[in-house]
Every structure is written in C-alpha cells, then in structure tokens.
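The values are calculated or read from the model by the stated rules, or taken from the named source; none is laboratory data. No experiment lies behind these values; they were computed from the predicted model shown. Cβ atoms come from the backbone with ideal geometry, glycine included; neighbour counts cover every protein chain shown.
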Amino acid sequence: MKKYVLVGVGGRSMMFTEAFVEKYKGISQIVAICDINNGRLDLAAKKLREVFPALKCYSAEKFDEMLTAHRPDTVIVATRDCSHDDYICRSLEAGCDVITEKPMTIDEKKCQRIVDTIKKTGRSVRVTFNYRYSPPRSQIKKLLMDGVIGKVLSVNLTWFLDTNHGADYFRRWHSNKENSGGLLVHKATHHFDLINWWLSSVPKTVFARGERVFYNAQQANRCGLSDHARRCLDCKLSDRCNFYLDMRHVPLIKELYLDNEKYDGYLRDLCIFRDDIDIEDLVGIVAQYRNGAILTYNLTAFSPWEGYRLDIQGTQGKLEQLCQETSYINGDGTVQGGFIAAGTSLKIYPHFQTPYEIPVWSGKGAHGGGDILMLDDIFGSPKEDPLKRVADYVQGAYSILLGVAANKSIKEGKMINIDDLVKDLPAPDFEIEQEDNEIIPFVKKTKLMSGGIETKANIPQKVYEKNTFPAGNLRIKHSDIVSI
Ligand SMILES: NC(=O)c1ccc[n+]([C@@H]2O[C@H](COP(=O)([O-])OP(=O)(O)OC[C@H]3O[C@@H](n4cnc5c(N)ncnc54)[C@H](O)[C@@H]3O)[C@@H](O)[C@H]2O)c1
C-alpha cells in the first residue's frame with residue numbers, strides 16, 4: 001500500500017480524506033496530517049481514525065518531523081496557495097513525491113524554486129487539475145485531437161463566476177494576492193491549463209487589464225450598504241445584504257471555520273466590500289501561443305449565472321461550447337460545479353457545411369464528474385490515457401505562468417514574455433511541433449450559413465463516445481477529417 005501524508009486539512013482536503021476512508025481504503029494508506037489549525041486537525045483526524053486508527057497529527061512547524069517519522073511515498077499539499085511551494089520543495093528534498101492542489105504556486109520566484117528542486121531531487125510533482133477530467137472538457141480535447149475544426153487559430157473563453165461563488169473569493173484568504181495570486185492565478189490556473197492542454201501548446205506572450213469594479217466601496221454605496229461591518233457575524237445589515245453569510249447556520253462552514261477561529265484567528269466571513277481586498281473581479285487578457293493561436297480570455301466574478309462560453313476557431317470551422325454550472329460556496333455541502341443540462345451545449349460549425357450539435361458528455365459528482373474520475377486516476381489503477389489528463393509540474397507551471405504574467409502586465413502596463421519568467425522549464429509532454437502540412441479536401445458548399453443550428457440525427461456520435469478513444473497519440477490529425 002502506498003503511504004501518504006496530507007498537509008492542509010481545510011475544505012478541499014475533504015475530497016482526499018473521503019477517498020481514503022471510503023473507496024480507496026484497502027489500496028491507499030494515510031498515516032499523518034498536518035495544519036496550522038489544531039481544531040481542523042482534530043476534526044479531520046476524527047474521521048480518518050475510523051479507518052486509520054494509528055494516524056498522527058502534526059502542527060505546521062513539525063512538518064519535517066512528520067516526514068522523517070513516517071517516510072511517506074507521497075505528500076498531498078492542500079494548504080493556501082502561497083505555501084504550496086514551501087511544502088512541495090521540503091517534501092521533494094525529503095525524498096517524497098508530491099500531489100499538489102492547484103495552483104501549483106502563485107508567482108515566478110516560487111515556481112523557479114519548484115523547478116530547481118525537481119531538477120536537483122529527481123522526484124515528481126503532480127497537479128490535481130480536476131477540470132481536465134470533467135467529461136464536457138475532456139470531450140473538447142477529444143474533438144480537437146480528432147481535428148474536427150482543423151488547426152486551431154483562435155480561442156475565446158469567457159468565464160463567469162456568479163454573485164454566490166464569485167463573491168466568496170472576496171470573503172476569504174483568496175482576497176489578497178499574497179495568498180492566492182488573485183483570480184488570474186488561483187482560479188484561472190484551471191482555465192489556462194485547459195487551454196494549454198486543449199491546444200497542445202503553451203503561451204508565449206500576454207497583455208492584460210484588470211480591475212476591482214464590483215466588490216468595492218462604490219458598489220456598497222450603490223446598494224446602501226456602506227455601513228457594513230468588517231465581517232458578516234458583526235454586521236447589522238444582514239436583512240438588506242444579498243451577500244450576507246451566516247456561518248452559524250451552515251453546518252460544515254461552522255464546524256470547519258467558525259468553531260476553529262480561536263486557533264489561528266482566520267475569519268472566513270469578511271465583508272466582500274472592504275477596502276483591504278487587492279484582487280480583481282474583472283480581468284481581460286490577450287495571449288499568443290507558441291503554435292500561433294491567439295487567446296482572448298475574460299473572467300468576471302459578479303455574473304448572474306455561473307459557467308463559461310467557449311469559441312474555438314480553426315482552419316476548418318468553429319467549435320462552440322456553452323456550459324452553465326450549479327453555483328456553490330466552499331463548505332456549503334452542495335455538489336460543487338455540476339453541469340445544468342438545459343444550459344449546456346456543444347456545436348460544431350464546419351466551414352461551408354451544415355452546422356450540427358453534439359450531445360455533451362456528462363458525469364456525476366463534483367466539478368461535472370471530474371473529481372471522481374481524477375481520484376480513480378490517482379488512487380485506483382490508472383490505465384493508459386490517450387487524453388493525457390495527468391498533469392506534471394511543467395504543466396502546473398505553464399498554467400500559472402500565464403496568470404502570473406497577466407498580473408505583471410496589469411501592474412506594468414505592458415506585454416510580458418512568458419519565457420522570461422522561469423529558467424530551465426522544459427516543454428510540456430503534450431506540446432507538439434506544428435506541421436503546416438494540413439490539406440483540406442474540397443467539399444462543395446452545401447448551404448450558406450444563416451446562423452441556424454440543426455441537430456442532426458446522423459452525427460457520427462460513436463466517434464465521440466467516452467472510452468472509445470482510438471489507440472493513439474496526441475497529435476492533432478489535421479488531415480484526418482471526420483466526415484459529416
Ligand atoms: N481543484 C479544485 O477544484 C479546488 C477547489 C477548492 C480549493 N482548491 C485548492 O485547495 C487548496 C486549499 O483550499 P481550501 O478551499 O481547502 O482552503 P481552506 O482555507 O478551507 O483550507 C486551507 C487549509 O490549510 C491550512 N493552512 C493554511 N496555511 C497553512 C500553512 N502554512 N501550513 C499548514 N497548513 C496551512 C488552513 O488552516 C486550512 O486548514 C488551495 O490551494 C485551493 O486553491 C482546489
């Protein structure tokens with residue numbers, strides 16, 4: 001049995017601890033946990049000891065002692081983003097492999113430290129990009145690999161965090177860049193990783209703009225909420241504020257955070273309108289990829305609905321995905337990021353041909369089914385994956401470097417070269433040399449595009465069913481056009 005330890009036992013860690021005590025209890029063993037908060041440590045230990053009675057708890061200053069005492073194979077890192085690099089590097093130096101939550105880290109210096117330590121120790125770091133495993137997003141990878149729109153020339157992704165989920169980043173530690181890198185790192189690491197992986201390429205340059213336009217004092221004034229307190233618990237405006245969070249009445253949030261404030265003073269219900277927030281709630285970037293594709297990306301955290309709109313255009317047509325998701329806040333006990341079927345669609349517009357709609361792959365559980373599939377890949381018996389969903393430190397690095405460079409661009413007002421940020425970073429194993437040998441066979445124009453969508457009964461669905469991947473490589477087969 002593989003031996004694990006876990007550092008950081010907050011909301012996200014429960015995905016791992018539940019996996020240890022339920023589905024994977026005979027396969028994987030967790031021997032110790034570590035955190036700065038003794039209350040959360042006790043809470044996690046209580047659950048884990050039902051299956052692992054010998055489990056030990058360590059305070060953060062005894063992290064190295066924990067590694068020496070237990071000699072784990074793998075350390076799972078699920079602390080705040082800003083401390084990932086330190087725990088990753090200390091674990092690697094101690095001879096362990098690492099599984100880290102996203103983002104791998106938050107800036108270029110911390111990233112360099114990880115790159116250098118991996119080079120020195122030869123150990124591995126895996127980043128848990130659950131979004132890649134979410135079926136609708138795996139489906140995009142499969143379609144692009146199959147070349148349904150030819151060579152990708154442009155990507156337009158607009159991500160909407162709603163006034164429930166989006167607002168929650170402004171209450172917690174995430175609301176300061178020194179903890180999270182801001183939404184361009186903390187949140188967009190998922191989105192940029194998807195784009196890198198979908199395109200089998202990495203970004204080269206970026207220009208960005210960002211502001212805090214909604215979760216600020218002006219918006220509080222507009223809503224008649226300028227007399228707000230520093231935190232919800234002390235606020236008299238609860239009956240007039242749609243953002244009011246009463247931690248006393250959300251059992252898991254109470255148990256995890258309110259009941260444990262006495263150990264570290266961390267307040268999980270800070271006012272979203274307060275002045276000391278320094279992350280943006282509106283960002284826009286333009287980036288160019290090494291394969292020439294241009295990305296335009298927009299993220300807002302104050303949308304009335306949660307989800308994204310994706311347009312990818314290629315040499316042979318266009319792919320459009322619309323995904324509406326269920327909204328949640330961390331610790332509220334609901335399924336995180338489930339897809340709402342009625343608001344989710346996938347359409348292909350081949351050049352000069354009738355457009356068609358493809359049924360969207362679906363899954364069960366958190367993040368559109370991604371968490372369950374990813375856990376199976378980590379703790380179960382992983383099979384060869386033609387989609388290459390496992391992400392190593394290089395992919396972890398490129399997913400944050402676009403956000404790190406965007407943060408720099410916002411600050412300095414200029415375009416940033418991503419290659420200048422970190423030295424000795426190899427190309428990701430999915431990157432492919434673009435061969436410009438695409439041949440597009442002539443297919444006579446069938447009708448002029450009028451913008452209408454036809455749902456075709458004869459869509460070649462078997463090509464896109466899950467688990468029917470051709471044995472293959474990741475080369476995008478530009479000449480291998482799916483006939484429609
Ligand atoms: N992949 C996903 O979908 C997903 C979802 C949520 C969170 N996350 C990631 O998981 C990580 C944890 O987020 P969370 O939502 O659980 O936050 P959280 O605040 O609920 O938990 C963080 C835990 O780390 C502990 N901690 C903080 N600093 C520490 C330090 N220096 N040493 C040891 N322990 C420390 C805190 O006491 C807390 O128990 C973050 O990196 C976040 O980005 C990923």
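Would you kindly identify the helices (runs of 4 or more DSSP H) lying entirely within the stretch 69-138 that contain at least 3 residues that are more than 13 Å from the ligand (Cβ to nearest atom)?
Because the criterion is at least 3 residues that are more than 13 Å from the ligand (Cβ to nearest atom), the helices (runs of 4 or more DSSP H) in the stretch 69-138 that meet it are 84-93, 108-121.
Can you go through LYS46, LYS56 and tell me which one is of a type outside the set (Val, Ile, Thr), without any contact (Cβ under 8 Å) to a residue 24 or more places away in the chain and more than 12 Å from the ligand (Cβ to nearest atom)? Don't jump to the end; show me each part of the working.
Working: LYS56 fails: without any contact (Cβ under 8 Å) to a residue 24 or more places away in the chain.
After applying the criteria, what remains is LYS46.
Would you pick out the residues in the stretch 332-346 that are of a type outside the set (Phe, Trp, Tyr), more than 30 Å from ARG248 (Cβ to Cβ) and crowded, with 17+ Cβ neighbours inside 10 Å?
THR344, SER345, LEU346
Does any residue in the stretch 169-191 that is touching a residue at least 24 places away in the same chain (Cβ under 8 Å) and in the same structural domain as SER303 (by TED's automatic domain parsing) come within less than 7 Å, Cβ to Cβ, of a residue that is of a type in the set (Lys, Arg) and within 11 Å of the ligand (Cβ to nearest atom) six or more places away or on a different chain, and which pairs are these?
Short answer, once both residue conditions are applied: ARG171/ARG268; ARG172/ARG268; TRP173/ARG80; ASN179/ARG80; THR189/LYS102; HIS190/LYS102.
Quick check on the stretch 172-192: of everything there that is charged (D, E, K, R) and more than 16 Å from PHE160 (Cβ to Cβ), which residue is nearest to the ligand (Cβ to nearest atom)?
Taking the stretch 172-192 and keeping what is charged (D, E, K, R), we get 172, 177-178, 187.
Next cut, more than 16 Å from PHE160 (Cβ to Cβ) only: 172, 177-178.
Numbers: ARG172: 7, LYS177: 14, GLU178: 12 Å.
Only one residue fits best here, namely ARG172.
Each row is one residue, and each column tells you yes or no for (1) more than 16 Å from the ligand (Cβ to nearest atom); (2) surrounded by fewer than 24 Cβ atoms within 10 Å (Cβ to Cβ).
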position	(1), (2)
VAL360	yes, yes
ALA366	no, yes
GLY370	no, no
LEU375	no, yes
LYS383	yes, yes
LEU387	yes, yes
GLY396	no, no
ILE400	no, no
ALA405	yes, no
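For LYS3, work out the one condition from (1) over 19 Å from ARG126 (Cβ atoms); (2) more than 16 Å from the ligand (Cβ to nearest atom); (3) part of a strand (DSSP E or B) it doesn't fulfil.
Failing condition for LYS3: (1).
Which one is surrounded by the most Cβ atoms within 10 Å (Cβ to Cβ) among residues in the stretch 277-299 that are touching a Pro at 6+ places or on another chain (Cβ under 8 Å) and not in a loop (DSSP other than H, G, I, E, B)?
So in the stretch 277-299, the residues touching a Pro at 6+ places or on another chain (Cβ under 8 Å) come out as 287-290, 295.
From what is left, the residues that are not in a loop (DSSP other than H, G, I, E, B) are 287-289, 295.
On the way: ALA287: 26, GLN288: 16, TYR289: 23, LEU295: 23.
Among those that are touching a Pro at 6+ places or on another chain (Cβ under 8 Å) and not in a loop (DSSP other than H, G, I, E, B), it is ALA287.
Do you know which of the residues in the stretch 244-274 that are under 17 Å from ILE36 (Cβ atoms) and basic (Lys, Arg) is nearest to the ligand (Cβ to nearest atom)?
ARG268
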